[in-house]
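Have a look at the structure below, then the notes.
What follows draws every value from the coordinates through simple rules; no lab data is involved. What you see is a predicted model, and the numbers here were worked out from it, not measured in a lab. Heads up, the Cβs are rebuilt from the backbone with ideal geometry, glycines too, and the neighbour counts pull from every protein chain shown.
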Amino acid sequence: MIARVLLIGSFALAAIMIYAIVDVAITPKSRVRKIPKPVWFIVIVLFPLVGALLWFLTGKTRRNATPPSPPADVVDRGTTTGPFSTESVDDRIARLEEELKRLDDEGDVPPKDTA
């Protein structure tokens with residue numbers, strides 16, 4: 001009876017450990033918290049149950065966690081291409097419209113005969 005419980009427990013512990021190791025391996029670095037991925041591998045192998053529980057509870061961010069909002073100065077400037085751009089949305093639209101008009105005008109020229 002005790003041998004059966006130990007056998008089932010060891011299989012369960014091995015399954016949890018393998019699942020945790022695979023989960024660490026497939027989790028992107030951007031979602032890993034606290035310590036680097038190689039250290040998580042070592043923790044899970046050295047302390048199977050405790051390491052796996054720590055990984056599942058504190059090792060990675062949640063999938064549905066809200067991404068950090070952009071800094072207020074970026075939002076206030078009205079940029080569309082990132083924090084290093086000073087071009088406003090209206091200026092960018094005007095520039096793109098001019099470029100499209102120029103490309104349309106170039107397309108009006110009949111093609112040359114190459115024969």
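Here are a few things to note about the model shown:
- Within the shell defined by Cβ-Cβ distances under 13 Å, the residues around Leu57 carry a net charge of +3, with Lys and Arg each +1 and Asp and Glu each -1.
- In this simple spin-label model, placing a label point 7 Å from the Cα along the Cα-to-Cβ direction at both Thr27 and Leu46 gives a separation of 1.8 nm.
- Pairs of Cα atoms nearer than 8 Å and 6+ residues apart set the relative contact order; for region 2-59 it is 39 percent.
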